[in-house]
Amino acid sequence: MTELPEEVGTAAKDGSTRAQRKTASIVPEQNVVGNALVFVIAIMTFLSCLTLGAVTLVRDTASVWENQIAREATIQIKPIEGLDMDAALETAARIATGFAGVSGARIVDREATARLLEPWLGSGLNIDELPVPRLVIVTIDEASPPDFAAMRTILAQELPSASLDDHRTWVDRLVAMARTTVTIGMAVLVLMLSATVLSVVFATRGAMAGNGHIIEVLHFVGAEAGFIAREFRQHFLMTGMKGAVAGGVAAIIVFIAFSFWSSMNMATPQADQATALFGNFAIGAAGYLGVALIVMVIAALTAATSHMTVVSYLSEIDMRHPEGG
């Protein structure tokens, strides 16, 4: 086998070394600071996804509550001396169904009334022996609701102990509560994204400080700010993507775990109360799309923040050395 001349071998080694230097990144490799930034981004993404999921859950549940309440009104008849309760209930149902916009009226019977009171008064109640108001549930056509003022007037004339509740006060309070919760959640989400941006700024500054002399030399010999910023942007994009994906996956696992717990404990009182308040803890397709959006936004914010930080740093160098010296 023919041996290459020593000069050729040396040139080949020099060329290989130059190629390695050419492809080497000016950004420091993953270190303790870089790993810490991945964890910080993962934690911020996890909390941001949980916040978004909670906001979605509250908004959807409030919408369900509002629709359910808006479809019904309640006539309450208080027992008074000499009142035939069964006849009064029939009269209230007849008056309600006589209005346009009412699709039906249902009398809550004795057994159903006893079940409603059972959590407070215990089982085995005799409704006829207690001064318990009785209810008529009026189903409303949401597209064209009835004239509640006129219904109240007729009820007051024929049944003085009857009162009509159209639940408007509860609906208004519910909408206000949901809007307040959503606003607070979005404010918390913005704060978390701001904290992520600040973390990336500090990490980028630290990475540049580690290779500050190299960056300054490259900049002074002609390396454009865009090239240096692109190197940092690509590095921190991968860092942000790793952390954001880890945080997003962790949040999805939490949502699935809560949904599974809710479905497995439907018969328990705790699960019934939680389901009444928050549904079955399922955030739906929109919630999972929101998690994916949060992951992409945080990764993009990480890359964009590092890019702007590098450009600002190089601008400061140019201001300190206006003539490149």
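Stretched out straight at 0.36 nm per residue, the stretch from ALA285 to GLU90 would grow longer than its current Cα-Cα span by 65.7 nm.
Among residues other than PRO79 with Cβ under 13 Å from its Cβ, the summed charge is -2 (Lys and Arg +1, Asp and Glu -1).
Since every read-out is calculated from the coordinates, none of them should be taken as a lab result. Model, not experiment: these values are computed from the prediction. Virtual Cβ from ideal backbone geometry, glycine too; neighbours counted across all protein chains shown.
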